[in-house]
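Contents: one structure, followed by commentary.
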Number of protein chains: 2
Amino acid sequence: MGPQTPAPRSQNIVWHHANVSPDERAAALGARGCVLWLTGLSGSGKSTIGRRVEQLLLDRRAHAFVIDGDNVRHGLNRDLGFGPADRTENIRRIGEVAKLFSEACVLTLTAFISPYRSDRAAVRALLPPGAFVEVFIDTPLEICEARDPKGLYQKARAGEIAEFTGISAPYEAPEAPEIHLRTAGRTVDDCAAEVVSWLAAQGFLSA
Amino acid sequence: MGPQTPAPRSQNIVWHHANVSPDERAAALGARGCVLWLTGLSGSGKSTIGRRVEQLLLDRRAHAFVIDGDNVRHGLNRDLGFGPADRTENIRRIGEVAKLFSEACVLTLTAFISPYRSDRAAVRALLPPGAFVEVFIDTPLEICEARDPKGLYQKARAGEIAEFTGISAPYEAPEAPEIHLRTAGRTVDDCAAEVVSWLAAQGFLSA
């Protein structure tokens, strides 16, 4: 640079960063993200169906990922307990993380009881229109209680667990879920296939 | 089912879920994830370089995503302030989220000052061997301060910001970063290309 050359106005211009827009990202990857928010009673099959959907999507080379108690309660939310405020914070953080995954064009599945409409509505409000897909895992309480994979219903009936969803605390069923999965008498594969079909019909899967 | 047929031992067997293993996921997607942890002074170019790397990776159809202040401080970590405990919690949560992204086979970039070795070591410890890639954005303080894109150095020099990294609080430079990016006199593209080359050399990018 000669002495007559004016100094650059600002080196900041060169170094200013431009974020990739959602459309640019979707076009680059040939994929859109969304959040499949699985909600239902304990033992209803949320994680099981979520994991099976994930497998079916990965088989199609679609980026899918399940966020559930297995990978959140011991990690991100390890500092949270089970009181009302911590439960709400638990769902809030999961919603924020699911939002980031969805922005990254991942087909994101979450599997939490999330019994309160207001908590689910708050997550819906975080996301752009169409990106929050409420999936009601509708399994009758009798079936959930008969399965009782972790023995929690037994403890709840014995009064050893307070405020157990479906027994001593309410489950507020979705009023207009995008997917209403009635699981009684059906196989996991059948339920999972219904979710994948919905995603295909909505254009979330490339051919 | 006839009356002689024994009842199924447990419906739980059918409904038990198997998580996809990291190897199965990587094979299905033809991609491995990792966390590129960009660390450096305020104004060193972390977000700018991170976003450029992301763009280069997306151009190759590789799933990449930047986690930085833009999408975390107003979302997941909106409840956190800037005191010491909250700063550590900020980095902890980002580490946990980055871990989830990496597990999802996303090439994950984070862009936070993260001045303390102990905080960065804690994130490294969360991840499997080889998945934490420390990227030292090594930009001399004079350059960062001359850029001062947010006017923060000026405020720190005026005593309006307490404990500002590099001025009145320490920056503990990485001792053995996987990538040591000396940015002085170089363009953003040049710096970003070095990171992409490293990823290619390490087998993170398909041909």
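Quick note: the coordinates plus some simple rules give every number you see, no bench work behind them. These figures come from a predicted structure and were not determined experimentally. Counting neighbours? That spans all protein chains shown, and the Cβs are built from the backbone with ideal geometry, glycine included.
Filtered by the rule that a residue be more than 9 Å from every other protein chain (Cβ to nearest Cβ) and part of a loop (DSSP other than H, G, I, E, B), the range A:89-121 gives A:Phe112, A:Ile113, A:Ser114, A:Pro115, A:Tyr116. Scoring A:Asp79 on the criteria (1) without any contact (Cβ under 8 Å) to a residue 40 or more places away in the chain; (2) crowded, with 21+ Cβ neighbours inside 10 Å leaves a single failure, condition (2).
Restricted to helices (runs of 4 or more DSSP H) entirely inside the range B:11-88, those with at least 3 residues that are under 20 Å from the mean Cα position of the chain (by Cα) and within 11 Å of chain A (Cβ to nearest Cβ) are B:46-59, B:69-72. Take A:Ser118 and decide whether it is closer than 26 Å to A:Val196 by Cβ and of a type outside the set (Val, Ile, Thr). For A:Ser118, the condition - closer than 26 Å to A:Val196 by Cβ and of a type outside the set (Val, Ile, Thr) - is not met. Within the range B:146-156, identify whether any single residue is away from chain A (no Cβ under 13 Å), surrounded by fewer than 18 Cβ atoms within 10 Å (Cβ to Cβ) and without any contact (Cβ under 8 Å) to a residue 12 or more places away in the chain, and answer yes or no. Within the range B:146-156, one or more residues are away from chain A (no Cβ under 13 Å), surrounded by fewer than 18 Cβ atoms within 10 Å (Cβ to Cβ) and without any contact (Cβ under 8 Å) to a residue 12 or more places away in the chain. Take the conditions closer than 19 Å to B:Gly50 by Cβ, of a type in the set (A, V, I, L, M), in contact with a Lys or Arg (Cβ under 7 Å, 6 or more places away or on another chain) and crowded, with 16+ Cβ neighbours inside 10 Å and apply them to B:Ala131. Does it pass? No: the conditions fail for B:Ala131.
The set of residues from the range A:149-202 being among the hydrophobic types (A, V, I, L, M, F, W, C), in contact with a strand residue (DSSP E or B) (Cβ under 6 Å, 6 or more places away or on another chain) and not in a helix (DSSP H, G or I) comprises A:Ile179, A:Leu181. Inclusion of B:Leu100 among residues that are within 29 Å of B:Gly30 (Cβ to Cβ) and buried (at least 20 other Cβ atoms within 10 Å of the Cβ) is warranted.
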